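Chemist: Here it is: the structure, laid out below.
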Amino acid sequence: MNDVTVLGLGAMGSALARTFLEHGLATTVWNRTAAKADDLVARGARRAGTVADAVAAAPLVVVCLTDHDATEQILEACGDAMAGRTLVDLTTGTPEQARETAQWAGKHGAGHLDGVVQAGPGQIGTPDATLFYSGAPQAFAAHRAALELLGTTHHVGDDAGQAALYDLALLGLWYDTTLAYLHALALVGGAGDVEPFAPFAARQIDHVVQAAPEVAREIRDRAYPRGPASLTEHAPVLEHLVRLRTASNLDTAQLEHVLSLVNRPIAAGHGAEGFTSLIEELAPIIF
Ligand code: FVH
């Protein structure tokens, strides 16, 4: 019996298998295109001829394929071989797909963790790689030592979908923040070079970064102190920004959305509250 099996030897899967090998784990590998296993076999990996053979070879089975459909296909191919093993799914997918795979694992007598790799292949095996896992805590505890070889490791929840939720929320945060930065550059760019503006923008973004833990606490406590300004004080600033962007022929949709979010609680008598209170407009479901 080997220590770990890796199904899928693409750019990421190969990096995972290589890292396990480098740390002395007896590693079995399988890939649809068999030749991709050659280098890993040369490094000491055991090549499995079939998915079922690969799954049967180790108590920890890591799958890392293109997408959820591919994962479903090979799981169907391994059938009962997964019984008694822990399936760790590092294929990118949605929270719902993670929960589907968890159900499949349960029906086949296997443990399950969904995982998200927040890193490129070259970072695997270093602290620069962040990996989120979610699912059964006992499955995580049983294989934590092996999983921690891959990078900085966090178990973020018992719900199988939580890791994918974190991944998508972080990606959304990147898109929204980067777009906001581009809007600011578009505004200053109309008057000249954007580069001198960059350090000031970085400092402004850092204000948001520094406030992140406090904002989360305000939401936990449903207490929204004024902070840098109250909603009533934010509204005219937003109106001014909309006028400025309109005059510069720039997009105002996102800002007008923010202004509408601010005006609703003001109209309901909550104008003295801080900006964090908009969470109750954005996600009433969590309250
Ligand atoms: N590469 C990266 O930087 C990112 C970092 C963040 C996380 N992603 C996710 O990791 C999954 C795998 O990504 P990858 O970069 O390794 O992808 P490829 O190099 O294209 O390898 C894909 C492997 O999947 C196999 N495969 C695809 N379809 C099937 C199928 N129907 N049945 C069996 N295997 C399949 C493919 O096999 P082959 O083409 O070599 O025969 C590769 O082994 C992914 O979810 C990223 O979002 C990586």
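The values are calculated or read from the model by the stated rules, or taken from the named source; none is laboratory data. Note that the structure is a prediction, hence the values are computed from the model and not measured. Cβ coordinates were reconstructed from backbone atoms using ideal geometry, including for glycine residues, and neighbour counts include every protein chain displayed. Calculation scope for accessible area: heavy atoms of the full protein, side chains included, ligands and nucleic acids excluded. Shrake-Rupley method; radii C 1.70, N 1.55, O 1.52, S 1.80 Å.
Chemist: When all protein chains stay in place, what accessible area (Å², nearest 10, 1.4 Å probe) is found for Glu100?
Modeler: 80
Chemist: Could I get the Rg over Rh figure for the stretch 66-160? Both from C-alpha atoms, Rh via Kirkwood, rounded to two places.
Modeler: 0.96
Chemist: While we're looking at this one, here's another question. Modelling each spin label as a point 7 Å along the Cα-to-Cβ direction, I'd like the Asp69/Ala141 distance in nm, to one decimal.
Modeler: 4.0
Chemist: How far apart, in nanometres, would the label points at Thr50 and Met1 be if each is projected 7 angstrom from Cα along the Cα-to-Cβ direction?
Modeler: For the pair Thr50/Met1, the computed spacing is 2.1 nm.
Chemist: From the square roots a ≥ b ≥ c of the eigenvalues of the alpha-carbon gyration tensor of the stretch 144-287, which class results: rounded (a/c under 1.5), prolate (a/b over b/c), or oblate?
Modeler: oblate
Chemist: If the viscosity is 0.692 mPa s and the temperature 37 °C, what Stokes-Einstein diffusion coefficient in µm²/s follows for the stretch 71-225 when Rh is the Kirkwood radius over Cα pairs?
Modeler: The diffusion coefficient I find is 180 µm²/s.
Chemist: So, in nm, how far is label Ala191 from label Asp206 when the simple model puts each one 7 Å beyond its Cα toward the Cβ?
Modeler: Placing both labels 7 Å along Cα→Cβ, they lie 2.3 nm apart.
Chemist: Please arrange Trp104, Trp174 by accessible surface area, largest first, computed with a 1.4 Å probe and ligands excluded.
Modeler: Trp174, Trp104
Chemist: What residues qualify as long-range amide H neighbours of Val29, i.e. H under 5 Å apart, gap of 5 or more or another chain, H built at 1.01 Å from N?
Modeler: Val6, Arg46, Arg47, Ala48
Chemist: Largest first and in whole Å, what are the equivalent-ellipsoid semi-axes of the stretch 202-276 based on the Cα gyration tensor, each being the root of 5 times an eigenvalue?
Modeler: Each semi-axis is √(5λ); the values are 23, 17, 9 Å.
Chemist: Just how far, in whole angstrom, is the stretch 124-181 from the stretch 245-286 if you go by their alpha carbon centroids?
Modeler: When both Cα centres are located, 31 Å separates them.
Chemist: Excluding Phe287 itself, what net charge comes from residues whose Cβ is under 9 Å from its Cβ, given Lys and Arg +1 and Asp and Glu -1?
Modeler: 0
Chemist: Once you list every other residue whose beta carbon is under 11 Å from the beta carbon of His23, what net charge do they have if Lys and Arg are +1 and Asp and Glu are -1?
Modeler: Taking every Cβ under 11 Å from that of His23, the sum is -2.
Chemist: Output wanted: per-residue J couplings in Hz (rounded whole) for the stretch 108-122, from phi through Karplus 6.51 cos²θ - 1.76 cosθ + 1.60, θ = phi - 60°, x for Gly and Pro.
Modeler: Calculated HN-Hα couplings, in order: 9, x, 10, x, 8, 10, 9, x, 10, 9, 9, 5, x, x, x Hz.
Chemist: Tell me, what HN-Hα J-couplings in whole Hz come from the Karplus equation 6.51 cos²θ - 1.76 cosθ + 1.60 at θ = phi - 60° for each residue of the stretch 168-175, using x for Gly and Pro?
Modeler: Result, ordered by residue: 5, 5, 5, 5, x, 4, 5, 4 Hz.
Chemist: Using Cα-Cα distances under 8 Å and only pairs 6 or more residues apart, what relative contact order does the chain have, in percent?
Modeler: Across the chain, relative contact order equals 12 percent.
Chemist: If R0 is 41 Å, what FRET efficiency do you get for Thr252 and Thr94 from their C-beta distance, rounded to 0.05?
Modeler: 0.85
Chemist: Return a whole-number percent for the relative contact order of the stretch 70-201, with Cα pairs under 8 Å and 6 or more residues apart as the contact set.
Modeler: 21
Chemist: Please pull out the direction-averaged projected area of the chain, using the convex hull of its alpha-carbon atoms, in nm² to one decimal place.
Modeler: Answer in nm², one decimal: 18.3.
Chemist: Any idea of Tyr181's accessible area? Nearest 10 Å², probe 1.4 Å.
Modeler: Here the residue's solvent-accessible area equals roughly 70 Å².
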